[in-house]
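*Asks:* After the structure tokens below, expect a handful of questions from me.
The values are calculated or read from the model by the stated rules, or taken from the named source; none is laboratory data. Here the structure is a predicted model, which is why all the values come from computation and not from measurement. Note that each Cβ is placed from the backbone with ideal geometry, even for glycine, and that neighbours are counted across all protein chains shown.
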């Protein structure tokens, strides 16, 4: 019984804490880009106050919180909107990212999702949700190629 309890605690710890690493704002993976509607290529955008996490164990573990001084009107005219954005839960200790709130705000129109990078890894898109006040959140999610 004790060994099962220890094994269970180890599995829980590895899933919630063990694989994640803080992602410094200076890391290449922390550069936020959005896909231009004109060129179809990702272009860097201005960001401030980036806080992020990532893990080598899965390409879906990336999460980022930041703000941008760019207006939603400008972003909507310049960059590709992302339909069917579904933010994935972050570990509870990464408290700037609330997937349920972001998802509800995307559904209600309180925030808009943009394609950051299609196929940032095979079968994975990076998505960025932006609010009118400049708050923004990034994550990776499966795309249509992941199902093939």
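*Asks:* Quick check on region 36-59: of everything there that is over 23 Å from residue 98 (Cβ atoms) and part of a loop (DSSP other than H, G, I, E, B), which residue is modelled with the lowest pLDDT?
*Replies:* Applying the filter and picking the extreme gives 56.
*Asks:* In addition: Taking into account only those residues within region 1-35 that are under 13 Å from residue 55 (Cα atoms) and at pLDDT below 80, which is surrounded by the fewest Cβ atoms within 10 Å (Cβ to Cβ)?
*Replies:* By that ranking, first place goes to 17.
*Asks:* Filter region 36-50 down to the residues that are without any contact (Cβ under 8 Å) to a residue 60 or more places away in the chain and crowded, with 17+ Cβ neighbours inside 10 Å and list them by number.
*Replies:* Hits for region 36-50 are 45, 50.
*Asks:* Can I ask one more? Which strands (runs of 3 or more DSSP E) sit wholly inside region 62-148 and have at least 3 residues that are crowded, with 19+ Cβ neighbours inside 10 Å and free of Cβ contacts under 8 Å to residues at least 60 places away in the same chain?
*Replies:* Working: elements: 63-67, 112-121, 124-130, 135-142.
Because the criterion is at least 3 residues that are crowded, with 19+ Cβ neighbours inside 10 Å and free of Cβ contacts under 8 Å to residues at least 60 places away in the same chain, the strands (runs of 3 or more DSSP E) in region 62-148 that meet it are 124-130.
*Asks:* Filter region 87-98 down to the residues that are at pLDDT 95 or above and in contact with a strand residue (DSSP E or B) (Cβ under 6 Å, 6 or more places away or on another chain), then identify the one that is farthest from residue 22 (Cα to Cα).
*Replies:* Residue satisfying both the conditions and the ranking: 87.
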